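Everything on this sheet refers to the single structure shown next.
The values are calculated or read from the model by the stated rules, or taken from the named source; none is laboratory data. Remember, predicted model here, so these are calculated numbers, not experimental data. Don't worry about glycine lacking a Cβ; one is built from the backbone with ideal geometry, like all the others, and counts go over all protein chains shown. Just the protein is used for accessible areas: all its heavy atoms, side chains included, with ligands, DNA and RNA removed. Shrake-Rupley method; radii C 1.70, N 1.55, O 1.52, S 1.80 Å.
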Amino acid sequence: MDELTLFQAYLETRNYKERGIEEKLRAVRAFVVYADSETLDLYRCTYQEAYAYREYLRLAHKDDGTLRYTPQTINGHIAYLRLFYHYLVSCSKSLANPFAALEKMREHIRLPKQILTIEQIQKLLASLPLEDGQDILFATVLEMLYSGGFRISEIENLNRQDIDIYKGTV
């Protein structure tokens with residue numbers, strides 16, 4: 001049996017779903033092809049070689065010139081190879097997992113398609129009634145969400161000692 005067949009059996013004994021196994025095997029096969037083209041020893045792969053493979057994926061382009069892989073896809077491939085090398089180490093076929101210390105690619109921050117302008121926010125805040133404590137609290141929460149970049153959970157967990165009214169800081 002070849003190494004990929006053994007790895008597949010390893011995944012099956014750990015109750016991975018069929019589709020997940022296929023994805024992992026596809027990523028490992030792609031790495032095996034790369035390793036063969038670069039004359040790398042699969043069982044003695046180093047961190048530098050793992051890093052070079054990640055860079056290879058990062059720089060790969062389609063025929064139309066666009067990037068072939070997103071950072072999220074690259075991170076998935078690296079996670080699958082990390083698992084593959086975990087298997088190889090557990091079977092004493094490799095001394096170390098070169099992908100274990102490899103950092104994840106930074107994923108692009110996706111912004112909302114429509115963001116309110118400063119003028120729109122000011123108009124929204126000015127339109128709020130400030131008749132009682134609840135109204136003031138609501139306006140304060142909106143202001144903190146927008147101008148402070150707070151998360152709801154952060155606002156929920158605020159205590160009085162977290163707020164310095166003299167310095168104007170939270």
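Given (1) charged (D, E, K, R); (2) touching a residue at least 40 places away in the same chain (Cβ under 8 Å); (3) more than 23 Å from L4 (Cα to Cα), identify the lone condition not met by E119.
(2)
Suppose we filter Q114, Q72 for residues that are open to solvent by 90 Å² or more (accessible area, probe 1.4 Å) and not in a loop (DSSP other than H, G, I, E, B); which single one remains?
The match here is Q72.
Being more than 20 Å from I121 (Cα to Cα) and open to solvent by 90 Å² or more (accessible area, probe 1.4 Å) is the filter here, so list the residues in the range 146-169 that pass it.
Listed by number, the residues that qualify are E156, N157, R160, Q161, I165, Y166, K167.
Surrounded by 15 or more Cβ atoms within 10 Å (Cβ to Cβ) and among the charged types (D, E, K, R): is that true of K62 in this structure?
Judged against the criteria, K62 is not a match.
State the number of residues belonging to the range 1-38 that are among the hydrophobic types (A, V, I, L, M, F, W, C) and either in contact with a His (Cβ under 6 Å, 6 or more places away or on another chain) or open to solvent by 90 Å² or more (accessible area, probe 1.4 Å) (or both).
3
From A79, A126, grab the single residue that is open to solvent by 70 Å² or more (accessible area, probe 1.4 Å), assigned to a helix (DSSP H, G or I) and not polar (S, T, N, Q).
So the residue among A79, A126 that is open to solvent by 70 Å² or more (accessible area, probe 1.4 Å), assigned to a helix (DSSP H, G or I) and not polar (S, T, N, Q) is A126.
May I ask you to list pairs of residues, at least six apart or on different chains, whose Cβ atoms are under 7 Å apart, with the first in the range 127-140 being of a type in the set (D, E) and the second being in a loop (DSSP other than H, G, I, E, B)?
Once the first residue is of a type in the set (D, E) and sits in the range 127-140, its partners that are in a loop (DSSP other than H, G, I, E, B) give D135/L128; D135/P129.
Would you call H86 without any contact (Cβ under 8 Å) to a residue 24 or more places away in the chain, within 22 Å of A35 (Cβ to Cβ) and outside any strand (DSSP E or B)?
The answer is yes for H86.
Name the pairs: first residue in the range 90-108 and in a loop (DSSP other than H, G, I, E, B), second residue among the charged types (D, E, K, R), Cβ to Cβ under 7 Å, at least 6 apart or on different chains?
N97/R82; P98/E49; F99/R82; A100/R82; L102/R54; M105/R58
Are any of the residues in the range 104-118 closer than 30 Å to E12 by Cβ, at pLDDT 90 or above, touching a helix residue (DSSP H, G or I) at 6+ places or on another chain (Cβ under 6 Å) and of a type outside the set (A, V, I, L, M)?
Checked against the condition, which is being closer than 30 Å to E12 by Cβ, at pLDDT 90 or above, touching a helix residue (DSSP H, G or I) at 6+ places or on another chain (Cβ under 6 Å) and of a type outside the set (A, V, I, L, M), the range 104-118 yields no hits at all.
Do you know which residues across the range 57-112 are farther than 15 Å from Y47 by Cα and among the hydroxyl-bearing types (S, T, Y)?
T66, Y69, T70, T73, Y80, Y87, S90, S92 - these are the residues of the range 57-112 that are farther than 15 Å from Y47 by Cα and among the hydroxyl-bearing types (S, T, Y).
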